[in-house]
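Here the structure is laid out as structure tokens; the discussion comes afterwards.
Since every read-out is calculated from the coordinates, none of them should be taken as a lab result. Here the structure is a predicted model, which is why all the values come from computation and not from measurement. A quick note on method: Cβ atoms are made from the backbone with ideal geometry, for glycine too, and the neighbour counts reach across all protein chains shown.
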Amino acid sequence: MENSHQENRFFEQELRLENYHLFLASDLIQQMEKCVNAHNLHLGLTPEYFDQIQHQLVIKEIQTERKSFYGEALKIRTWVKQTHELYVVRITIIYCQKQQNTIWINQSKWGCLDLKTKRLNRLPPTVFQIYKANECI
């Protein structure tokens, strides 16, 4: 697979934080969720679509590595690493481009919650196909 094609599968946003010295894991997870939701919109997976199929993507599992840092402008980047029938594996990083310093690395599993039964289900076919087509290892 061509590198330029792979690069297009990354989704990145500017990140503004009030306190660069320390922040809570819950703040990082909230930023990750915002970036993942924006990436979903970019892929065409809108909140209206998930309402229509009565499902919601939720974090199923998370592994995190966090480092202390001082910096100016940060960026947050996410991509789909692997797609399975029951979940999608995403990587999310926060980094300081100026200092070439990775601040936070996260691997998370996202499952599809059926809003009626409140149980995790297989990914709907459209969701599975979109994520599968946008995998980036």
Q. Amide H to amide H under 5 Å from Gln97: which residues, 5+ apart in sequence or cross-chain, H placed 1.01 Å off N in plane?
A. Lys75
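Would you mind working out the magnitude of the charge dipole of region 71-118 relative to its Cα centre, with +1 at each Lys and Arg C-beta and -1 at each Asp and Glu C-beta, to the nearest 20 Debye?
Values: 8 positive and 3 negative charges, 7 e Å.
Dipole about the Cα centre, nearest 20: 40 debye.
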Q) So who's got an amide H within less than 5 Å of the one on Gln82, skipping anything under 5 residues away but keeping other chains? H placed 1.01 Å off N, in plane. A) Val89
